[in-house]
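A.B. asks: Mind looking over this structure? Questions follow.
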Amino acid sequence: MKISFCCTDFKAEPWLAGLRAALPQAEIEVWTPGAPAADYAVVWAPPQAFIDEQPNIKAVFNLGAGVDALTQLKLPPQMKLVRLDDAGMSVQMAEYVVHALIRHFREFDHYERDVVQGKWSYRRPRLREEFPVGIMGLGVLGQRVAQAVAQFEFPVLGWSRSPKTVDGVRCFAGAAQLPEFLAETKVLVCLLPLTTETQGILNRTTLAQLQPGGYVINVARGAHLVEEDLIELLDSDHLAGAALDVFRQEPLPAGHPFWRHPKITVTPHTAARTLRDESVAQIAQKIMRLERGEPIAGVVDHIRGY
Ligand code: NDP
Ligand code: OXD
């Protein structure tokens with residue numbers, strides 16, 4: 001069995017070592033143009049040339065949960081794309097969102113500023129019932145985040161494409177229920193995949209429907225957010241703040257207004273990192289299942305785009 005590794009932004013050697021140890025029967029090499037056809041591929045943001053040269057590959061494993069860098073390429077319709085299914089990311093995402101939520105709710109950002117000035121002062125306790133948390137996307141990551149937020153006794157709402165029942169979460173589905181979901185949300189968490197339907201979904205119209213003093217946590221993709229609309233709503237005080245991990249352009253360019261905006265907290269696309277051991281184990285297990293003709297989880301639907 002031949003496996004081709006074609007990942008921008010990843011150091012190849014440790015991944016090749018891990019994959020070779022997990023699949024000793026396989027020949028695993030970094031892809032170069034003109035390389036022989038492979039049976040499987042492990043990719044992150046591959047060039048179009050890779051897809052064009054490997055149209056009959058049995059499955060392409062994406063080294064992340066989001067497949068938007070792949071779906072924007074021209075893909076043969078039968079090409080099987082497989083995303084990472086948690087692989088240690090959901091607990092990291094829960095940590096990130098709970099940290100951002102609690103930092104805002106308990107006003108720890110104010111205390112951090114007070115400490116710099118040597119100031120000892122208290123802020124009035126706030127009621128968690130007044131901070132309903134709405135999670136857009138109730139998939140692998142969204143449901144884990146919902147569970148973590150509910151543990152801290154915030155009201156939790158969730159919005160997905162298809163109707164769902166999730167313990168402790170008031171669930172909304174589809175475009176028709178989006179306005180009601182937004183109107184009942186104060187802290188909005190975006191955990192949607194980036195598709196033609198969700199591009200720009202965090203915009204002036206949707207964000208203005210959040211409860212006054214709303215807070216936005218975007219941990220999905222930068223292109224979900226219309227950046228200038230967020231700034232306008234922060235500056236008009238309809239929104240109290242935002243924690244942003246993902247951006248239209250990454251790295252966030254020097255001089256971008258988000259760096260210095262007093263109501264925005266920036267992190268460098270690090271909410272949930274791809275973990276090598278977990279990812280290698282998951283990919284190896286899925287390849288072995290495919291070789292035995294068994295079904296696997298995490299196969300991307302080309303029409304839905306996730
Ligand atoms: P899933 O595919 O498991 O879940 C996606 C969820 O979004 C599903 O509930 C789906 O609804 C919902 N959804 C999709 N399209 C729509 C729509 N048009 N309207 C309403 N709901 C919709 O994805 P994951 O939870 O694994 O990952 C989510 C995203 O998180 C990734 O695509 C990636 O962009 C981002 N991510 C970011 C990371 C970071 O470090 N910042 C790390 C990892 C991922 P339904 O259930 O009905 O299908
Ligand atoms: C992912 C990511 O999609 O790291 O996994 O953003």
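A.B. asks: State in Å² the accessible area per residue of the chain; use a 1.4 Å probe, count heavy atoms of protein chains only, and round to the nearest integer.
C.D. replies: Result: 50 Å² per residue.
A.B. asks: When the C-alpha atoms of the stretch 102-230 are aligned to their principal axes, what extent does each axis show, in angstrom, from largest down?
C.D. replies: 50, 35, 24
A.B. asks: Springs between alpha-carbon atoms under 10 Å, Gaussian network over the chain: tell me which of LYS80, LYS11, LYS58 tops the mean-square fluctuations.
C.D. replies: Largest GNM mean-square fluctuation: LYS11.
A.B. asks: Quick one: which residues, 5+ away or cross-chain, put their amide H under 5 Å from the amide H of ALA243? H built at 1.01 Å from N.
C.D. replies: Long-range HN contacts for ALA243: VAL216, ILE217, ASN218, THR265.
A.B. asks: Using the C-alpha atoms of the stretch 38-193, what convex hull volume per residue, in cubic angstrom, is computed?
C.D. replies: Taking only Cα atoms, the stretch 38-193 has a hull volume of 156 Å³ per residue.
A.B. asks: Something else: Give me the net charge of ARG289's neighbourhood, meaning all other residues with Cβ under 13 Å from the Cβ of ARG289; Lys, Arg count +1, Asp, Glu -1.
C.D. replies: Around ARG289, the surrounding residues sum to +1.
A.B. asks: May I pose another question? Quick one: which of LYS11/LYS286; LYS164/LYS286; LYS74/LYS186; LYS2/LYS74; LYS74/LYS286 span more than 29 angstrom between C-alpha atoms?
C.D. replies: Among LYS11/LYS286; LYS164/LYS286; LYS74/LYS186; LYS2/LYS74; LYS74/LYS286, the Cα-Cα distance tops 29 Å for LYS74/LYS186.
A.B. asks: Going from the alpha-carbon gyration tensor of the stretch 23-66, what semi-axes, largest first and in whole Å, does one get by taking the root of 5 times each eigenvalue?
C.D. replies: Each semi-axis is √(5λ); the values are 16, 15, 10 Å.
A.B. asks: On to the next question. How much of the DSSP bridge set in the stretch 73-192 is antiparallel, in percent, rounded to the nearest 5?
C.D. replies: 10 percent
A.B. asks: Here's another thing I want to ask about it. How much FRET efficiency would the formula 1/(1 + (r/R0)^6) give for ALA12 and ARG113, where r is the Cβ-Cβ distance and R0 is 45 Å, rounded to 0.05?
C.D. replies: After rounding to 0.05, the efficiency reads 0.55.
A.B. asks: For the stretch 198-207, what does the Karplus curve 6.51 cos²θ - 1.76 cosθ + 1.60, with θ = phi - 60°, yield as ³J(HN,Hα) per residue in whole Hz, taken in order and with x for Gly and Pro?
C.D. replies: Result, ordered by residue: 9, 4, x, 6, 9, 9, 3, 5, 6, 5 Hz.
A.B. asks: Something else about it: What Kirkwood radius, in Å to one decimal, follows from the Cα pairs of the stretch 190-304?
C.D. replies: Result for the stretch 190-304 stands at 16.4 Å.
A.B. asks: Also, quick follow-up: Quick one: Cα convex hull volume of the chain, Å³ per residue?
C.D. replies: 152 Å³
A.B. asks: Quick one: net charge of GLY139's neighbours, Cβ under 11 Å, K/R +1, D/E -1?
C.D. replies: Here the charged neighbours net out to +2.
A.B. asks: Grab the other residues whose beta carbon is less than 15 angstrom from that of ARG161, score K and R as +1, D and E as -1, and report the net.
C.D. replies: Here the count lands on 0.
A.B. asks: Work out the charge dipole of the chain with +1 on the Cβ of Lys and Arg and -1 on the Cβ of Asp and Glu about the Cα centre, then indicate which of ILE57, ILE28, GLN285 is farthest towards its positive end.
C.D. replies: My answer, from the dipole projection, is GLN285.
A.B. asks: Let me ask something else. May I ask you to derive the FRET efficiency for ARG170 and LYS80 from their Cβ-Cβ distance with R0 = 30 Å, giving the value to the nearest 0.05?
C.D. replies: 0.25
A.B. asks: Which residue, ILE296, ILE231, ILE51, has the most motion in a Gaussian network model of the chain that connects Cα atoms within less than 10 Å?
C.D. replies: Of ILE296, ILE231, ILE51, the Gaussian network model singles out ILE296 as fluctuating most.
A.B. asks: List the residues of the stretch 191-217 whose backbone N lies under 17 Å from a point placed 7 Å from the Cα of GLU232 along the Cα-to-Cβ direction.
C.D. replies: Those under the cut-off are 200-210.
A.B. asks: Something else: Expressed as a whole percent, how much of the Cα-Cα distance distribution for the stretch 86-136 exceeds 18 Å?
C.D. replies: 47 percent
A.B. asks: So for the chain: antiparallel DSSP bridges make up what percent, rounded to the nearest 5?
C.D. replies: 5 percent
A.B. asks: Accessible area, 1.4 Å probe, largest first: how do HIS224, HIS238 sort?
C.D. replies: HIS238, HIS224
A.B. asks: I'd like the FRET efficiency for GLU184 and TRP120, computed as 1/(1 + (r/R0)^6) with the beta carbon distance as r and R0 of 30 Å, rounded to 0.05.
C.D. replies: The formula returns an efficiency of 0.20 here.
A.B. asks: What share of the DSSP beta bridges in the stretch 102-256 is antiparallel, in percent to the nearest 5?
C.D. replies: Counting only bridges with both partners in the stretch 102-256, antiparallel ones make up about 5 percent.
The values are calculated or read from the model by the stated rules, or taken from the named source; none is laboratory data. Source: prediction; values computed, not measured. In this analysis, Cβ positions are derived from the backbone assuming ideal geometry, glycine residues included, and neighbour counts consider all displayed protein chains. Please note that ligands, DNA and RNA were not included when accessible areas were found on the heavy atoms of the full protein model with its side chains. Shrake-Rupley method; radii C 1.70, N 1.55, O 1.52, S 1.80 Å.
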